[in-house]
1. How many of the residues in region 396-411 are farther than 16 Å from Phe119 by Cβ and free of Cβ contacts under 8 Å to residues at least 60 places away in the same chain?
2. Would you point out which residue out of Asp366, Asp370 is at pLDDT below 80, among the acidic types (Asp, Glu) and closer than 30 Å to Gly415 by Cα?
3. Suppose we filter Val489, Val436 for residues that are β-branched (Val, Ile, Thr) and surrounded by 22 or more Cβ atoms within 10 Å (Cβ to Cβ); which single one remains?
4. Which of the residues that make up region 412-433 are free of Cβ contacts under 8 Å to residues at least 24 places away in the same chain and either buried (at least 18 other Cβ atoms within 10 Å of the Cβ) or closer than 15 Å to Ser358 by Cβ (or both)?
5. Scan region 1-43 residue by residue and report those that are modelled with pLDDT of 85 or more and of a type in the set (A, V, I, L, M).
6. Residue under question is Ser556, and the condition is that it be among the small types (Gly, Ala, Ser), modelled with pLDDT of 75 or more and not assigned by TED's automatic domain parsing to the domain that holds Asp434; does it hold?
7. It is to be established whether one or more residues within region 323-339 are at pLDDT below 75 and either buried (at least 20 other Cβ atoms within 10 Å of the Cβ) or more than 24 Å from the chain's Cα centre (by Cα) (or both).
Amino acid sequence: MKKEGKRKTGMARLWELALRRKFLVFLSCLLSIASNALSFTPFIAVYFIIREIVVHFAGLAALDRTALLRFGVLAAGGAAAAVLSYLAALMCSHIAAFTTIYRLKLEFTDHIASLPLGFHTRNSTGKLRKIVDVNIEKLETFIAHQLPDLAGSVTMPVITLVILFVFDWRLGLASLAPILLGYLLQALAFGGRAAQVFIEKYQTSLEEMNNAAVEYVRGISVVKAFNQTIFSFKRFHEVIMNYSKFVRDYTFSFEMPWVLFMMVINHVYLFLVPVILLISGNVSDYPAFALASVFYLLFSVFIPLPFTKLMYVSQLGKQVADGIERMDRILDVEPLVETASPKTALSYSVAFDNVNFSYTTVSANDDETDREVPALSGVSFTAEQGEITALVGPSGSGKSTIAHLIPRFYDVQSGAVRIGGVDIREMSTEYLMDIVGFVFQDLFLFKRSIIDNILVGNRNASREEAAAAAGAAQCHDFIERLPRGYDTVIGAGNIHLSGGEQQRIVIARAILRNAPVIVLDEATAFADPENEQKIQKAFEKLMKGKTVIIIAHRLSTVRGADKILVIDGGRVVEQGRHGDLVNAGGRYSRMWEQYTGAMRWKLGARGVPSQKEASHV
């Protein structure tokens, strides 16, 4: 859900963020303006030096050497003062930028931390990482460098125009003509909606490349194992090629306008010389005209600088504004509504009451429309406290969605999910997280010690309690074999854990958490048969009296469940005990027959099942 009419957009939003530290920003801009004004001092001093020489050209002995020295000191002092003022401006702007970015990154990370976990399952880490590391970081460049440059860039053209028309308005117009012509070419080539569309597509292309790069790096082991190159990783290669073609075609389309612009704006003297020659024969004060001509020719080298600087700063500002807009789209995603009067549960049975749920595809990109994807329809069941309730069914049937709704990763569209008779929407998020422990298919271990990874489950637990949980999860033996035991840092010193070992560490977290409601989504997926049996026994002992909900594809792991729910097409099509469901001859019975047939299947001498063996499949 997005907040309407509450947040500024575009450059207005960029200025709002940039001016969070108003005093430092304004001071930086003033110092930058002073620096740019002082940078004209050498040109003015040179003008007076040239005038002194021209006036006394016939008799150089009459030169006012004291005045020449004074103008020389003025030129050097003005240049030094300009540099010092600019350094002071950058110091102020950098302090403002660092504090602003620090606060903004905290706000962004706090916000995404407050969003339900369902948001993170639908948004790639690559996209969020780009917002934090690239988009927000560009704001630091804008405040620290571009903002003081912008203040100076606005000031410099004004001062330049004043100087151009002070000494000789005719030569001033001749000097200004190529600047106006250059900006006209820029407006025709880069202005309007087309340029904004390019910036949006450019940012989107960068996000897609970032996402693809993260995916490629994560899957590099598979690519290497199958002796594939980067070109075989189709999506990554296509995204790079599409980005390259897009930028190349766009760049080539502006080749001629850009060449014309650079040629015009950097060759002001080509416009000056004909005008000087044209009017030189009709001047009354030739020495003054010659002096002005020399000055304008010298000054023509400097004239394009403030105008091109203003153009670059303006263009970069638009890119930063687009990146901030992408950040705001995430900030506009609202956390789940917290109840004003939170309730607690007296018991811990989990009940689904006619739950309907659809995933909403929400994208940070404007060119993707939101749509509803139905996942659950009219789901009702009760997982009793002290019992194991198993969810089985084909992939995509809705099992994991049910598991995600229990800790409120998402809110249901209709119906209710209740724990102990209390709607979970009437519980505080902190309380709900305390009473629901979960182990999902996706494994994540921090690059910290094993004991620290286990203590994530309960920061108040002691080291001994964490070790006991590890023992219950069948982790203790392999942990003791590591170089530093429980203090071994995962990923450091070439220490890596197998998939099954990682899974057991995650299970140890859930055991240590000791929550009254446990959700296990393929919790034994990486366990070998021996350890799977040990883990099941540990669950039976340590989870006694708790509400346990297990999702499993291997039906052998749920034979002993108190209740088995068969999920298909987002609905509960069957429920009961294993024996009853097998005898009923329904969906579960067919699944069990297929499962046991697959367990009897084995390779023959030629690597294919024999006829007798195949008959059991």
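The values are calculated or read from the model by the stated rules, or taken from the named source; none is laboratory data. Everything quoted here is computed from the prediction, not taken from an experiment. When we count neighbours, we look across all protein chains shown, and the Cβ atoms used for this are built from the backbone with ideal geometry, even at glycine.
1. 1
2. Values: Asp366 fails: closer than 30 Å to Gly415 by Cα.
On inspection, the qualifying residue turns out to be Asp370.
3. Details: Val489 fails: surrounded by 22 or more Cβ atoms within 10 Å (Cβ to Cβ).
Exactly one of Val489, Val436 is β-branched (Val, Ile, Thr) and surrounded by 22 or more Cβ atoms within 10 Å (Cβ to Cβ), namely Val436.
4. Ile424
5. Across region 1-43, the qualifying residues are Leu24, Val25, Leu27, Leu30, Leu31, Ile33, Ala34, Leu38.
6. Considered against the rule, which asks whether it is among the small types (Gly, Ala, Ser), modelled with pLDDT of 75 or more and not assigned by TED's automatic domain parsing to the domain that holds Asp434, Ser556 comes out as no.
7. Step one: filter region 323-339 for residues at pLDDT below 75, giving 323.
Right, trim to either buried (at least 20 other Cβ atoms within 10 Å of the Cβ) or more than 24 Å from the chain's Cα centre (by Cα) (or both) and you get 323.
There is at least one residue in region 323-339 that is at pLDDT below 75 and either buried (at least 20 other Cβ atoms within 10 Å of the Cβ) or more than 24 Å from the chain's Cα centre (by Cα) (or both).
Residue by residue, here is whether (1) buried (at least 16 other Cβ atoms within 10 Å of the Cβ); (2) outside any helix (DSSP H, G or I); (3) at pLDDT 65 or above; (4) under 42 Å from the mean Cα position of the chain (by Cα) holds:
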site: Ala508; (1), (2), (3), (4): yes, no, yes, yes
site: Leu512; (1), (2), (3), (4): yes, no, yes, yes
site: Thr524; (1), (2), (3), (4): yes, yes, no, yes
site: Ile564; (1), (2), (3), (4): yes, yes, yes, yes
site: Glu574; (1), (2), (3), (4): yes, yes, yes, no
site: Met599; (1), (2), (3), (4): no, no, yes, no
site: Arg606; (1), (2), (3), (4): no, yes, no, no
site: Glu613; (1), (2), (3), (4): no, no, no, no
